[in-house]
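Every read-out reported here was derived from the displayed coordinates using simple, explicitly stated rules and does not represent laboratory data. On a predicted model such as this, the values are computed, not experimentally measured, just so you know. Because the Cβ atoms are built from the backbone with ideal geometry, glycine has one as well, and the counts that use them run over all protein chains shown.
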Amino acid sequence: METIDAKGKSSREINREIRRLMEQGSRQIRVLSPRALHNLAVGIVEPVEIAFEGSVGSYCGGMVDGPSIRIQGSAGWGLAECMMSGSFVVEGNAGSSVAASIRGGTVVVHGNAAARAGIAMKGGLLVIEGDCGYMAGFMMQKGTLIVCGNSADALADSMYEGTVYLGGEARSLGNDTNVSEPDEQDWSFLRRTLARHGISADRPFKKIVAGRRLWNFEKQEFGLWKEVL
Amino acid sequence: MCGLVGYLNKRNRAEPLGEILYQMTSGLCRRGPDSAGVALYGKPQPGRLRVRVKLGEQGDFQQEAVRLVEAISKITNVHASKTINEYQTLAVDAVDPIVLERQIERMSSHFEVISLGSRLDIIKQVGSPEDLNATYPFRSFAGTHGIGHTRMSTESRVDLSHSQPFWAHGIADLATAHNGHITNYHKLRRQYEQHGMHFYTENDSEIIGKYLALKLSEGMTFEQALKASLQDFDGSYTYLAATANSLAYVKDPFGFKPLHVVECDDFVALATEEVATRTWVDSGYVSREAGSDEIAIWDLNEVSAPTKSE
């Protein structure tokens, strides 16, 4: 385990230090006092473990492929944006657009997530132990979003594919959603997945998928389209 | 893209407010290199008003200051008066803010009241928070609450008048700072101008204070006015508003602009990015992002939970 003391260092200096340690063969790195700086650990394409002992700012771990990143604090906007594979654990809260457009990998937020969590996900898994903000799962194309707490307005709006599980109440659902009771296979997935992160699955989960009415334009359903657009 | 910060001591204690706002705005200055400003709420002076006036863009400010004091002396007593660059700071016996402002502006078209109130001082200029403190040292200022702003101009001029925070005009001690873009600004401004309201800048953020002042004068409470603004403003906005004894935020229904909230037993700190509060103090709290379509108000002695618009 190598340690970087980020005190007094800029984002660029911290990122260079991480890369220097990786080149030397380090596979476990911890970063002290990241002070919510932006763009930390972006573009890492190796299976390295990084622990930030404190909050990170916006766009932490964007466009990564393979690392395991733990944040012992909160994260700003766009955490793990466009991740291909890897895993993120946030012990605090996440800002807007957490896991936006991820293609694979896992993001777990133990606190709450702000607006547009999991927007345009193209794969992967996003777990939010607390509540999620406005328009979570908007235009999701693939992958799974599990919200254990409550949702703000417009949950799962205009999804193509993918699945959203909601453990609490939604202030409102988005356009074109189909809500059902999870079947035995869903429950087994939820229990297995949440247990892995120490989260109880003992909640009245609902399963939400695309209603598929927006997949093709139907003249008879012009009202629905007018609402969406 | 601007930066906002706010701070309030929930136990109504005076704090090193200037230093706190300086640290937090410095942490955000990459979000706004054009200008910096702070609205500070100090010890109330019963029966007195603190007034800050911009004397103009250039010229003999000392001479202008003499004219200003003469004009004010006709309607109230001037107890203190000091000139720093284009700023004139005054302490006067309390009079109706509207009457006082009219008297000042009647004297010269260059005069602009930057702030007015029993507790409020707004200090702002082009440049960084560091430059601001070099010109108008405010780091040693003690107070209970305040807001700060770092500006990156997108639409209007970069000068002192267009910098933030804005005093709301017409109502003592009401100040606002805004991050975003009010897209129905021109429509609202036209309506307000038809009712005789005067605008000092081309900055869309100026409309927020004007809006709140209007709603308060129509009889709404501060909370009602903030909530109503969620319906009446279009576009992207997170704004902070402060009065003589409270601090509030409003975040638009789409959550276009970030705002981090740190709440402890003793204080609440608000900032566009967590890096601002971490620059000031880096331990002992958890930061969360404010919800969309949400307002929250903290009074110096009483706290209300965040509420959604109806």
Under the Karplus relation with 6.51, -1.76 and 1.60 and θ = phi - 60°, whole-Hz ³J(HN,Hα) for region A:13-26, x at Gly and Pro, equal 5, 5, 4, 5, 5, 4, 5, 4, 5, 5, 4, 7, x, 5
Identify, among B:Tyr211, B:Tyr41, B:His260, the residue whose Cα sits farthest towards the positive end of the charge dipole of chain B, taking +1 on the Cβ of Lys and Arg and -1 on the Cβ of Asp and Glu, with the dipole about the Cα centre. B:Tyr41
Can you order the peptides A:155-166, B:126-137, B:206-217 by their average number of other Cβ atoms within 10 Å per residue, highest first? A:155-166, B:206-217, B:126-137
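Could you list, in their original order, any pairs among B:Lys10/B:Lys124; B:Lys43/B:Lys251; B:Lys43/B:Lys124; B:Lys54/B:Lys210; A:Lys142/A:Lys219; B:Lys187/B:Lys251 whose Cα atoms are separated by more than 23 Å?
From B:Lys10/B:Lys124; B:Lys43/B:Lys251; B:Lys43/B:Lys124; B:Lys54/B:Lys210; A:Lys142/A:Lys219; B:Lys187/B:Lys251, over 23 Å: B:Lys10/B:Lys124; B:Lys43/B:Lys251; A:Lys142/A:Lys219.
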Collect residues whose amide H, placed 1.01 Å from N in the peptide plane, falls under 5 Å from the amide H of B:Gly235; neighbours closer than 5 in sequence don't count. B:Thr183
Charge-dipole axis of chain A as Lys and Arg at +1 and Asp and Glu at -1 on Cβ define it, positive-most pick from A:Ser200, A:Ser85, A:Trp187: A:Ser85
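Let me spell out the model: positive unit charges on the Cβ of Lys and Arg, negative unit charges on the Cβ of Asp and Glu, origin at the Cα centre of chain A. What dipole size does that give, in debye rounded to 20?
Charge dipole of chain A: 420 debye, to the nearest 20.
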Rounded FRET efficiency, nearest 0.05, which uses the C-beta distance separating B:Thr154 from A:Asn216 and R0 of 30 Å: 0.15
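As an exercise, take the mean of 1/r over every pair of distinct alpha carbons in region B:1-133, invert it, and state the Kirkwood radius in angstroms.
16.0 Å
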So, counting K/R as plus one and D/E as minus one, what does the shell of residues with Cβ under 11 Å around B:Glu223 add up to? +1
In debye, nearest 20, what is the charge dipole magnitude of chain B about its Cα centre with +1 on Lys and Arg Cβ and -1 on Asp and Glu Cβ, if you could check? 380 debye
Return the sequence-ordered ³J(HN,Hα) values of region B:56-72 in whole Hz as given by the Karplus equation 6.51 cos²θ - 1.76 cosθ + 1.60 applied to θ = phi - 60°, using x for Gly and Pro. x, 7, 8, x, 8, 5, 4, 5, 4, 4, 4, 4, 4, 4, 4, 5, 5
Whose amide H sits under 5 Å from the amide H of A:Thr3, counting only residues 5 or more places off or on another chain, with H placed in the peptide plane? A:Arg30
Rg and Dmax in Å for the protein assembly as shown, alpha carbons only: what are they? 25.3, 84
Got the relative contact order for chain A handy, in percent, Cα pairs under 8 Å and 6 or more residues apart? 9 percent
For A:Val109, the residues 5 or more places away or on another chain with a placed amide H closer than 5 Å to its own amide H are A:Val90, A:Val127, A:Ile128, A:Glu129
Simple Cβ-charge dipole of the protein assembly as shown, Lys/Arg +1 and Asp/Glu -1, about Cα centre, in debye nearest 20: 420 debye
Ordering of A:214-226, B:55-67 by packing [mean C-beta count within 10 Å, highest first]: B:55-67, A:214-226
Rg/Rh for chain A, where both radii come from Cα atoms and Rh is the Kirkwood radius: 1.03
For chain B, what relative contact order do you get, as a whole percent, if you take Cα pairs closer than 8 Å and at least 6 residues apart? 25 percent
Net charge of Cβ neighbours under 15 Å - reference A:Gly198; Lys, Arg +1; Asp, Glu -1: +2
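What is the average number of partner chain Cβ atoms found within 10 Å of a Cβ in A:144-152?
Mean shielding count: 1.
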Towards the positive end of the charge dipole of region A:33-228, with charges on Cβ (+1 Lys, Arg; -1 Asp, Glu), say which of A:Ser74, A:Pro34, A:Gly62 has the farthest Cα. A:Gly62
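Could you tell me what % of all Cα pairs in chain B have separations over 34 Å?
That fraction is 15 percent.
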Around B:Pro33, with a cut-off of 11 angstrom between Cβ atoms, what is the net charge of the other residues, counting Lys and Arg +1 and Asp and Glu -1? +1
